[in-house]
Structures are given as C-alpha cells and as structure tokens.
Amino acid sequence: MQARYFADLTVAIHFAYVAFVVFALPVTLIGGAAGWRWVRNRWFRGLHLAMIGIVVVEAWAGVTCPLTLLENYLRAQSGNATYRGDFIATWLHEAMFFDPEPWVFTVLYTTFGLAVLASFFVVRPNWAVASDAEPYGKAT
C-alpha cells in the first residue's frame, strides 16, 4: 500500500516537471513581450533549458525517463498496473488514443528543446549578477 502512495507522489512530481517544461516557454515569450523582468531571470531560464535538455538527451539515447521507471517499479511493488511506454506517450495515448512511433516523440522533444534554446535569443536572460551593495539590481 505504501508503494502505491510513493508511485502517486512520483506521478505528481513527473506531472509538475512536464508542466514546468511545457508552460515555461509560452510564459517566457509572453512575459518578454509584456516586459516582465522575472522571465529574464538566469536561474529560471537555465533551469528550464536544463530540464528540456535532459528530456531531449534521454529521447536521443533511447532511455526511459527515470521517473517513469520509478513509478512503474513502485506500481509493480504495490500490485498495480504499469505503463507500456514512457510517461507522456502513455498519457497521450490515454487522452487521444494516439499511438505514434517512439521517434515521433524524439522529434517533438528535440523541436521543443530547440524552441526553448531559440527563446534565449528572443527574450534574452539577464546574466548579470547584482553586487552585494545592490542586492536587487541597479539602484535608481
């Protein structure tokens, strides 16, 4: 029973990871156009790029996401059903009854990763570090 709760927690973490990767790009583009300073934060942008980078590398390497593997393991330990494939492919299949070849997801992840990388040129991150005397940026 306890393994099932950890499996559910793993799904929640996995969902949050996917949601951040997907929604951070449009938020960055909208925020750049709207003048939101926080979308230029180097930690936010770097984390976003690193997270999609991990997904792209996993896809190109043919590696199943560790969160999917962990959830499957925990579900098996609790006697529940496990996924056939990876997390996103399974949920897309469930949502749309769409069962593409694995290479389709590799192309999609790579294209999305390139879009995130391109956003660095459209909405440039603020790489400057505030000095100790001005912890919140340049004084006016």
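Read-outs throughout are calculated quantities, based only on the coordinates presented, and are distinct from any laboratory measurement. As the structure is a prediction and not an experimental result, all values here were calculated from the model. Ideal geometry is used to build each Cβ from the backbone, glycine not excepted, and the neighbour counts take in all protein chains shown.
Put a plus charge on the Cβ of each Lys and Arg, a minus charge on the Cβ of each Asp and Glu, and nothing anywhere else: the dipole of region 2-122 about its Cα centre is then about 560 debye.
Near TRP127: Cβ cut-off under 12 Å, other residues only, Lys/Arg at +1 and Asp/Glu at -1. The net charge is +4. When the alpha-carbon atoms of region 2-122 are used, the pair Rg, Dmax equals 16.1, 51 angstrom.
Database remark: amide H of ASN126 closer than 5 angstrom to the amide H of ASN41, ARG42 (H placed geometrically; neighbours at sequence offset of 5 or more, or on other chains; Pro and chain starts carry no H). Calculation over all alpha carbon pairs of region 18-57 in 10 angstrom steps from 0 returns a P(r) of 31, 54, 14, 0 percent. Around ALA33, with a cut-off of 14 angstrom between Cβ atoms, what is the net charge of the other residues, counting Lys and Arg +1 and Asp and Glu -1? Taking every other residue near ALA33 into account, the sum is +3.
Determine, for each peptide in 69-78, 35-44, 10-19, the mean count of other beta carbons within 10 angstrom over its residues, then list the peptides with the highest first. Intermediate results must be reported in sequence, preceding the final value.
Working: 69-78: 17.2, 35-44: 13.0, 10-19: 14.7.
Peptide ranking by packing, descending: 69-78, 10-19, 35-44.
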